[in-house]
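Here the structure is laid out as structure tokens; the discussion comes afterwards.
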Amino acid sequence: MPRVLAFLKDFLKNLSKKPATIKYPFEPPSQLPEGFRGKISIDYNKCVGCGLCARVCPAFAIEMVQVGFREVSGKKIPVRKPRVDVGKCLFCAQCAEVCPAKAITLTKKFELASEKKEDLIVQP
Amino acid sequence: MTIRIPVGPQHPALKEPERFIFYVEGEQIVKVIPRIGFNHRGIEKAMEERTYLQDLYISERVCGICSNVHTACYVLLVERLMNMEIPERAKYIRMIVLELERLHSHLLWLGVAFHEIGFDTLFYLVWRDREIVMDLLELISGNRVNYATNTIGGVRRDISEETKHKILKGMKLLLERLKYYRRLSPEEQTIVKRTLGVGPLSTQDAKRLCAAGPTLRASNVKSDVRGDEPYLLYKEAEFQTMVSDLCDVLGRILVRIDECIEAVRIIEWCVKNMPDGPIRQKLPPIFKVPENQAYRRVEAPRGELVYYGVSDGSEKPYRIKIRTPTLANIPALCKMLENQHIADIPIVVASIDPCFSCTDRLVFIDIEKGKKWSCSMPYFKHLIKKKFGR
Amino acid sequence: MLEKLVHWARIRSPWILHFNASACNACDIEVIAALTPRFDVERFGILLKGSPRHADILVVTGSVNRQVKARLKRIYEQMPEPKFVMAVGTCACSGGVFQHCYNVYEGVDKVIPVDVYVPGCPPKPEAIIHGVVKLIEKYKRAVGIIK
Amino acid sequence: MLDAIITILQVLIFPGVLFAIILALLYEWVERKFKARLQNRIGPLYTGWHGILQPFADIIKLWSKEDIVPAEADKTMFTIAPMLALASQLISFLIIPVVSVYALVHFEGDLALLAFLSTVYLIAAGIGGLSSNNRFSAIGAGRSIIQHVGYEIPLLFVYASAAFIAQSWSLSKIVEYQVKTGVPLIAFLGIGFGISIISLLAFIERIPFDIPEAETEIVAGWLTEFSGKKYAFFWLADDVQLLVGAGITAALFLGGPCGPVPGIPIVDEILYVIYFIIKTVIIVLILASIEASSARYKITQAVSGFWKYLTPLSILQLLIVFALRLYGVI
């Protein structure tokens, strides 16, 4: 037998309950668990410039750019470091997983909105 | 007088850019012409151009709602291509994420369905309860929607004891809410008015038009890939295939709520029986797959999902073919819409839980001429023959 | 004085129109999730409108493909001035994982001008709210309320 | 001369147009906030105290937006429709007693004028929908008129029963009757009150009868093509409509602005306004809770429901009133 306004009783209970809303941005967000995948961060001191991250990146967000030269037994070898375009990044953390030097980590930073795309690039 | 009403690509009922052209007389629909392809991005082609590991993330973005089931099917496919076995614990973790995803997808759908019939408060409350699942998924994987937990050879993240505890707690809370919705939804008068007998699809029609997933089960056909061709550990996890004999939108609502309740049971079983051990077999980031071909099917939240793959010995797949449940459901959808009212369009279209971003992969449409054709099986065989000579 | 009132009203009542330009649904459900009790963007006066004629902010998700390009342009043109565009999700910013796909334009800004980019795959609802806050800041700067 | 100026001020400012607009926008805030709380949300929060200025911001923003007239629309009709809608509702408000037992405009038969003005609003909606030359607008306009045919008859029967009890077709006289006897008409018109609430929901186009502007079905119905100032007019008309509907219902069944007063001139009037606001807010809250806890009917279901259940019930109500009169209860 169908009932009219069957849900009303339950809804009226919500009046006395605290709203489920979290007042972001005036309150911190609900939860940011350990291992949240946010903006990429690269420790360029640790980075060995192997380029593995650029090869596995599914979104072509990582590009190896030349930052200088290194001398190995009299020869000049170009040193390359990754440059990340966060505007292309998928936050899949595959680069962090393959990095042999553990130079890449994913921070908890998720507020990435920007007016210009150029602001989103992580330069070495 | 027949009026032509275009619905989409931008329409509040369909959040996705799809177009349906309805021919209506007064308030009654006489003909439906679906026009898919607004969401075609060339995923299958892109998969051929990238390595197996990169493809994992493309397959995840075939559809954002059932993202994990796509990767699950993809990794099962690649593992079959490579004849690989994965550790026990990985199977349990995969199943937990898969079922959590089914919960999130069904709850999302439930909210949307209530929204389509104008019951906004239930939409808000169901989505509030869905946040329990989203929080758990974020806890397990680090992202709310694209979990990236599956990888070829296992899973990428382990589930700690603390997380297990939180999952069980969340499931208990959710079960209570689900039972509440299950009890009251078929009783509320306005919901019954809008869903009972709307969008009918008889058992024969459902079989004849090859419907899939909850749409098929709501037409009283007991068909579920998890039961028919068990993958992972669905054989061991005892669960029931939920069916409904209502053959209408209300049936689809009830089947989905029942499935949610069943998914909660499966998750609880997995969490309680999870063995210790390694979670993945290590593979190099770029690897080669021997020449082979294979297919896998899994039960996505929307129905049967099929991946077919051909490898040619290189580090990139030669061909990946995806068949998604929404595509299978579109003929049935056109049948359901016959002789319905304009007011029923949103709820009936929503009742198959359409996911057009899954659907639009391989339909060619000439934009200028409006001509449509698709990549057929003979053409596909021709391609294989050209490559392998068989 | 009147101008100040108008700016105040525009800042306080940004109505959005959501357009899915061949996205994978992930960003879309996060945009919708931002409306729901946990996040409740109605706090800021944001309402989701169905018709482009009523909206102020066009929220575009997804990598724009060839099919949808003309539609996106048309919807943008249907909106009354002043209008703003938010590109939500990595695909809308740059094409994301679908870069180099034959059917994809790699970003909303190739078709219509974009005011704020919100990267993320998908961005959390909080990140989308943050994007709106950024957009409001941009508007305030443009009309000279803040420097 | 002074009288004329005072009358003009009364019409334009208090308790006339300006008061109506401000009160209507406040009621929109009440409704939105209450619905948000039922949905376990907060609702508007940062615009003014708990978001009380939100509707004002919406209206001012819409006012300042570009005003587009579609190329294919009938320009004259498209422009007239929003004004007609707002004007019809503002005139209706003048007939409702707010500051005293008697309304600003009152004459024998003003209840019929109210019913007519509600039809004018529907005509405005119809003109707006049909002139914008959009399929969704046309469907919305058609639905709006069909629905009006459904609820108008039972509503008029209820008006008739109230008028019969007070022996007058004037809203102010009906209020006066209730003051004289000291019994609000809801005591006799219980069924009528229910019918009037349901019809009111249909009149102001809220769930479960928001069929003409059902968002998920036909975008925004007859409002689809309106933007800028014209949309602001309709938005405002919608809010004033809620106020007018609540006001009529309060006047008919709850004794309008009346209540215990000390008898000091200005204090009385302030108290009357407060009573009016309390009674109408209660009706708005009832409407909002029904709206929040039901789904939308189909147009066929709505109209057949009105004809099958509400019309016979309203006739029954009328018969009950006749019987009561016959036995001298009233």
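Numerical summary
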{"quantity": "Pairs with Cβ under 7 Å, 6+ apart, first in the stretch D:91-113 and assigned by TED's automatic domain parsing to the domain that holds D:VAL240, second of a type in the set (Phe, Trp, Tyr) and surrounded by fewer than 23 Cβ atoms within 10 Å (Cβ to Cβ)", "calculated": "D:VAL99/D:TYR272; D:SER100/D:TYR272; D:GLU108/D:TRP169; D:GLY109/D:TRP169; D:LEU111/D:TYR159; D:LEU111/D:TRP169; D:ALA112/D:TRP169"}
{"quantity": "Flag for D:THR76 being assigned by TED's automatic domain parsing to the domain that holds D:ILE274, out of contact with any Cys (no Cβ under 9 Å at 6 or more places or on another chain) and free of Cβ contacts under 8 Å to residues at least 60 places away in the same chain", "calculated": "yes"}
{"quantity": "Matching residues, the stretch D:1-43, being over 25 Å from A:TYR24 (Cβ atoms), crowded, with 18+ Cβ neighbours inside 10 Å, β-branched (Val, Ile, Thr) and more than 16 Å from the chain's Cα centre (by Cα)", "calculated": "none"}
{"quantity": "Residue within the stretch A:45-54 that is within 7 Å of another protein chain (Cβ to nearest Cβ), buried (at least 17 other Cβ atoms within 10 Å of the Cβ) and at pLDDT 85 or above present", "calculated": "yes"}
{"quantity": "Residue match in the stretch C:81-89 (condition: of a type outside the set (A, V, I, L, M), open to solvent by less than 10 Å² (accessible area, probe 1.4 Å) and touching a strand residue (DSSP E or B) at 6+ places or on another chain (Cβ under 8 Å))", "calculated": "yes"}
{"quantity": "Single residue of C:HIS54, C:HIS18 found to be within 8 Å of another protein chain (Cβ to nearest Cβ) and touching an Asp or Glu at 6+ places or on another chain (Cβ under 9 Å)", "calculated": "C:HIS18"}
{"quantity": "Residues (more than 14 Å from the chain's Cα centre (by Cα) and on the phi > 0 side of the Ramachandran plot) located in the stretch C:90-119", "calculated": "C:GLY95, C:GLY96, C:HIS100, C:GLU106"}
{"quantity": "Number of positions in the stretch D:266-307 that are open to solvent by less than 40 Å² (accessible area, probe 1.4 Å) and within 21 Å of D:ASP239 (Cβ to Cβ)", "calculated": "14"}
{"quantity": "Set B:LEU209, B:LEU201, B:LEU196: member being within 23 Å of B:LEU337 (Cβ to Cβ), in contact with a Ser or Thr (Cβ under 6 Å, 6 or more places away or on another chain) and assigned by TED's automatic domain parsing to the domain that holds B:LEU76", "calculated": "B:LEU201"}
{"quantity": "Total residues in the stretch C:75-87, condition at the interface with another protein chain (Cβ under 9 Å from one of its Cβ atoms) and outside any loop (DSSP other than H, G, I, E, B)", "calculated": "3"}
{"quantity": "Unique match (being open to solvent by less than 10 Å² (accessible area, probe 1.4 Å) and part of a helix (DSSP H, G or I)) among D:ALA125, D:ALA87", "calculated": "D:ALA125"}
{"quantity": "Residues within the stretch D:35-71 that are farther than 16 Å from D:TYR231 by Cα, in a loop (DSSP other than H, G, I, E, B) and within 7 Å of another protein chain (Cβ to nearest Cβ), tallied", "calculated": "9"}
{"quantity": "Counted residues, the stretch B:292-319 - those being touching a strand residue (DSSP E or B) at 6+ places or on another chain (Cβ under 6 Å) and not in a strand (DSSP E or B)", "calculated": "1"}
{"quantity": "Sole exception among (1) away from chain C (no Cβ under 14 Å); (2) under 23 Å from the mean Cα position of the chain (by Cα) for B:GLU85, by number", "calculated": "(2)"}
{"quantity": "Test result for D:LEU223, out of contact with any strand residue (DSSP E or B) (no Cβ under 8 Å at 6 or more places or on another chain), away from chain C (no Cβ under 14 Å) and crowded, with 24+ Cβ neighbours inside 10 Å", "calculated": "no"}
{"quantity": "Single residue of B:VAL155, B:VAL145 found to be crowded, with 24+ Cβ neighbours inside 10 Å and within 20 Å of the chain's Cα centre (by Cα)", "calculated": "B:VAL145"}
{"quantity": "Helices (runs of 4 or more DSSP H) contained entirely in the stretch B:1-85, each with at least 1 residues that are open to solvent by 10 Å² or more (accessible area, probe 1.4 Å) and closer than 18 Å to C:ASN65 by Cβ", "calculated": "B:43-48"}
{"quantity": "Members of the stretch B:177-214 that are at positive phi and open to solvent by less than 10 Å² (accessible area, probe 1.4 Å)", "calculated": "B:GLY199, B:GLY213"}
{"quantity": "Scope the stretch A:1-38; condition more than 30 Å from B:GLU162 (Cα to Cα) and within 7 Å of chain B (Cβ to nearest Cβ); matching residues", "calculated": "A:PRO2, A:ARG3, A:VAL4, A:ALA6, A:PHE7, A:PHE11"}
{"quantity": "Test: residue in the stretch C:134-142 that is at negative phi, in contact (Cβ under 8 Å) with a residue 12 or more places away in the chain and either open to solvent by less than 20 Å² (accessible area, probe 1.4 Å) or of a type in the set (Gly, Ala, Ser) (or both)", "calculated": "yes"}
{"quantity": "Which numbered condition B:ARG89 misses (of (1) over 21 Å from B:LEU232 (Cα atoms); (2) assigned to a helix (DSSP H, G or I))", "calculated": "(1)"}
{"quantity": "Every residue from the stretch C:100-113 that is more than 9 Å from chain B (Cβ to nearest Cβ) and either under 22 Å from A:ILE40 (Cβ atoms) or not hydrophobic (A, V, I, L, M, F, W, C) (or both)", "calculated": "C:TYR105, C:GLU106, C:GLY107, C:ASP109, C:LYS110, C:PRO113"}
{"quantity": "Matching entry among A:CYS99, A:CYS89, A:CYS57, A:CYS95 (being facing chain C (nearest Cβ under 9 Å), on the phi < 0 side of the Ramachandran plot, without any contact (Cβ under 8 Å) to a residue 60 or more places away in the chain and open to solvent by less than 70 Å² (accessible area, probe 1.4 Å))", "calculated": "A:CYS89"}
{"quantity": "Among the residues listed as B:ARG302, B:ARG256, B:ARG319, the single one being assigned by TED's automatic domain parsing to the domain that holds B:THR151 and either open to solvent by 10 Å² or more (accessible area, probe 1.4 Å) or small (Gly, Ala, Ser) (or both)", "calculated": "B:ARG319"}
{"quantity": "Filtered residues of the stretch D:178-216 (kept if open to solvent by 10 Å² or more (accessible area, probe 1.4 Å) and more than 20 Å from D:ALA246 (Cβ to Cβ))", "calculated": "D:LYS180, D:THR181, D:GLY182, D:VAL183, D:PHE188, D:GLU215"}
{"quantity": "Among the residues listed as D:LEU117, D:LEU104, D:LEU111, D:LEU155, the single one being in contact with a Pro (Cβ under 9 Å, 6 or more places away or on another chain), over 30 Å from C:PRO52 (Cα atoms) and surrounded by 17 or more Cβ atoms within 10 Å (Cβ to Cβ)", "calculated": "D:LEU104"}
{"quantity": "Subset tally (residues that are among the hydroxyl-bearing types (Ser, Thr, Tyr), free of Cβ contacts under 8 Å to residues at least 40 places away in the same chain and open to solvent by 10 Å² or more (accessible area, probe 1.4 Å)) for the stretch B:86-123", "calculated": "0"}
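The values are calculated or read from the model by the stated rules, or taken from the named source; none is laboratory data. The structure presented is a predicted model; accordingly, all values stated were derived computationally and were not measured. As a convention, Cβ positions derive from the backbone with ideal geometry for all residues, glycine included, and neighbour counts pool all protein chains shown. Side chains are part of the model used for accessible areas, which takes the heavy atoms of the whole protein and leaves out ligands, DNA and RNA. Shrake-Rupley method; radii C 1.70, N 1.55, O 1.52, S 1.80 Å.
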